[in-house]
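Heads up, the thing below is written out as structure tokens.
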């Protein structure tokens with residue numbers, strides 16, 4: 001007998017929530033094989049078994065919070081125990097086909113389908129490979145699993161795939177897993193039942209959704225920053241004419257030589273590094289009664305993912321050229337969209353950039369990504385009349401930029417100097433080539 005324990009994940013992560021078991025009680029497991037998916041504050045990680053044998057006992061259920069070092073399953077010696085248990089479970093499948101996820105016949109058939117063991121009477125297109133957690137959530141939301149696109153390389157539909165799915169007008173499953181009856185034209189299918197709404201007069205008008213662990217962490221940290229930091233925001237605006245002309249002139253050649261498109265983020269990243277070198281207290285953090293000045297430039301880039309905002313980090317941005325920065329940004333953004341970010345991608349970071357402009361934001365006051373002490377907010381580019389001199393006005397592509405900073409160690413003079421330096425570099429982008 002051996003225990004599967006929650007391994008050390010990262011210095012700042014001490015616990016996680018079991019998102020889904022990839023193996024069930026009685027299954028054979030091999031050393032190095034994934035047995036469950038654990039949702040942490042930052043990313044989802046898959047936990048492996050360090051032993052060969054039979055999964056004889058699950059010590060925690062999906063949705064339970066478990067700590068690093070805690071035993072979560074028992075692996076016994078290989079033998080007949082697993083097959084005997086599976087036989088018993090198979091018998092129960094016939095007796096109670098509508099049993100909830102985790103012990104349902106549907107979930108067990110799914111595990112069989114993964115190994116390709118399908119009944120000849122079933123059509124391949126009707127067999128949906130999905131985790132028990134995904135099936136349970138799909139039943140609760142009335143989602144047809146055949147409509148859900150899987151991000152898993154093996155095609156297995158997981159809980160996060162169902163969470164990010166937006167139902168169309170296709171087939172809708174009832175809570176029992178069966179297709180809802182067809183409605184006459186003009187009528188809508190009945191909405192899934194909402195959770196009780198306390199004293200609400202009409203419970204059907206509200207829906208209660210449990211916050212994911214990541215969303216809870218984001219909420220707690222944002223509140224914590226606002227309660228502990230002396231946060232202040234200052235603004236400036238940038239004439240983007242020169243950057244846009246430079247991009248237009250070099251974009252084709254840049255793409256041909258680097259196989260990546262030249263975007264605005266690489267310009268802003270290089271400008272931020274140059275400005276941080278001039279105002280080093282914005283590249284720092286507070287630890288107790290000490291100020292820790294960082295001599296490296298790991299720039300976090302905020303990315304909006306389905307499960308919440310994440311901030312992957314571009315390492316040593318001061319040592320990278322425009323193409324390398326654009327490559328890093330594209331790779332990290334793709335990882336965020338497909339839920340493939342690792343803890344290493346998110347750890348550290350000395351300063352953060354967030355671009356609300358991609359969603360059309362004209363102006364905002366971004367919240368610091370603690371324990372950092374500064375964050376730059378980019379916004380949408382908008383044509384606005386600008387005074388060229390006393391006699392001339394021109395419509396120019398303008399962008400508001402915002403710097404939120406911790407006033408405990410960053411004074412107003414440094415904050416304004418930082419933003420002014422960003423403005424100067426972006427309005428003379430060729431000068432960025434001279435920045436180390």
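Every read-out reported here was derived from the displayed coordinates using simple, explicitly stated rules and does not represent laboratory data. Since the model is a prediction, treat every value here as computed from it, not as a measurement. Here Cβ is always computed from backbone atoms with ideal geometry, including for glycine, and neighbour counts include all displayed protein chains.
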One would report the Cα pair-distance distribution of segment 214-434, bin width 5 Å, in %, as 1, 7, 14, 19, 20, 17, 12, 6, 3, 1, 0, 0
Where labels lie 7 Å past Cα in the beta-carbon direction, separation of residue 67 and residue 46 in nm
2.9 nm
Taking 0.36 nm per residue of sequence separation and subtracting the Cα-Cα distance, how much length would be gained by fully extending the chain between residue 380 and residue 365, in nm to one decimal?
4.0 nm
Kindly rank 46-53, 219-226 from highest to lowest mean number of other beta carbons found within 10 Å of each residue.
46-53, 219-226
For segment 291-320, list residues with backbone N below 18 Å from a point placed 7 Å from the Cα of residue 261 toward its Cβ?
303-304
Once you place label points 7 Å from the Cα toward the Cβ at residue 248 and residue 222, how far apart are they in nm?
3.7 nm
Ranked packing of 296-303, 66-73, most packed first, by mean Cβ within 10 Å
296-303, 66-73
Taking the Cα atoms of segment 1-51, report the difference between the largest and smallest coordinate on each principal axis, in whole Å and largest first.
32, 18, 15
Take peptides 340-348, 358-366 and line them up by average Cβ neighbours within 10 Å, highest first, as a rough protection proxy.
340-348, 358-366
